[in-house]
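Would you mind keeping the following structure in view while I ask a few things?
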């Protein structure tokens, strides 16, 4: 059975994301409160479009939110995105909720409210800069021979089996290194007693064979 994704708001972001998810064999439904945007979105093949306000429970009901595996709130208003995700999580029992946030100061609050993943453009740009600095720094420390070394970003959601565990308590494959943790607007080099929190982004250094096993251990999910 195909997984179902529900996208609420954000015309341009929703269109690009819907196209990507459909190519990954998701069944995608988009809710948008602008009628002209809905007409354009409806031209996309295999996309279901609902005209309405995604902060209203009856609109989410019309979109069969209860059958969705993931709900992603993409409106321009942080407050609306929080309401949408709260409704999807608590009323319609959607397994995973994702909220777009414009104000980075609200990121931690959104996680405290139970949102599984919070995406902030300001934080993302900051993290890219921090990651590049980190990767440049370790490039001279890792010998690259015939073996291929992978560096992967692993987001930790609220449902991850490692949330609130210390690093030493996690059974990572031998040779896998958590080189850096990006937490909100900060980055840190972890040690054994570092506790993993929901919303963390872990930077893993590993070989090809070890990467998949490490991601499964950290997220509880098997990548396809």
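Testing residue 21 on (1) touching a strand residue (DSSP E or B) at 6+ places or on another chain (Cβ under 6 Å); (2) farther than 21 Å from residue 157 by Cα, one condition comes back false. Which one is that?
Residue 21 satisfies all of (1) touching a strand residue (DSSP E or B) at 6+ places or on another chain (Cβ under 6 Å); (2) farther than 21 Å from residue 157 by Cα except (2).
Got a sec? Which of 170, 189 is farther than 21 Å from residue 110 by Cβ and either at pLDDT below 85 or buried (at least 19 other Cβ atoms within 10 Å of the Cβ) (or both)?
189
Residue by residue, here is whether (1) assigned to a loop (DSSP other than H, G, I, E, B); (2) touching a residue at least 60 places away in the same chain (Cβ under 8 Å); (3) over 22 Å from the mean Cα position of the chain (by Cα); (4) closer than 13 Å to residue 151 by Cα holds:
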| site | (1), (2), (3), (4) |
| --- | --- |
| 182 | no, no, no, no |
| 193 | yes, no, yes, no |
| 205 | no, yes, no, yes |
| 213 | no, no, no, no |
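Tell me which residues, restricted to region 80-133, are more than 14 Å from the chain's Cα centre (by Cα), modelled with pLDDT of 90 or more, surrounded by fewer than 17 Cβ atoms within 10 Å (Cβ to Cβ) and outside any helix (DSSP H, G or I).
Of everything in region 80-133, those that are more than 14 Å from the chain's Cα centre (by Cα), modelled with pLDDT of 90 or more, surrounded by fewer than 17 Cβ atoms within 10 Å (Cβ to Cβ) and outside any helix (DSSP H, G or I) turn out to be 91, 93, 113.
Every residue in region 13-63 that is touching a residue at least 40 places away in the same chain (Cβ under 8 Å) and surrounded by fewer than 17 Cβ atoms within 10 Å (Cβ to Cβ), please.
13
If you don't mind, there's one more thing I want to ask. For region 1-12, give me the residue count where each residue is touching a residue at least 40 places away in the same chain (Cβ under 8 Å) and within 11 Å of residue 69 (Cβ to Cβ).
Pass one, region 1-12, residues touching a residue at least 40 places away in the same chain (Cβ under 8 Å): 3-10.
Then drop every residue that is not within 11 Å of residue 69 (Cβ to Cβ), which leaves 3-6.
Of the residues in that region, 4 qualify.
Read through the list (1) at pLDDT below 65; (2) under 26 Å from residue 5 (Cα atoms), then give the number of the only condition that residue 137 fails.
Of (1) at pLDDT below 65; (2) under 26 Å from residue 5 (Cα atoms), only one is false for residue 137: (2).
The values are calculated or read from the model by the stated rules, or taken from the named source; none is laboratory data. Since the model is a prediction, treat every value here as computed from it, not as a measurement. Because the Cβ atoms are built from the backbone with ideal geometry, glycine has one as well, and the counts that use them run over all protein chains shown.
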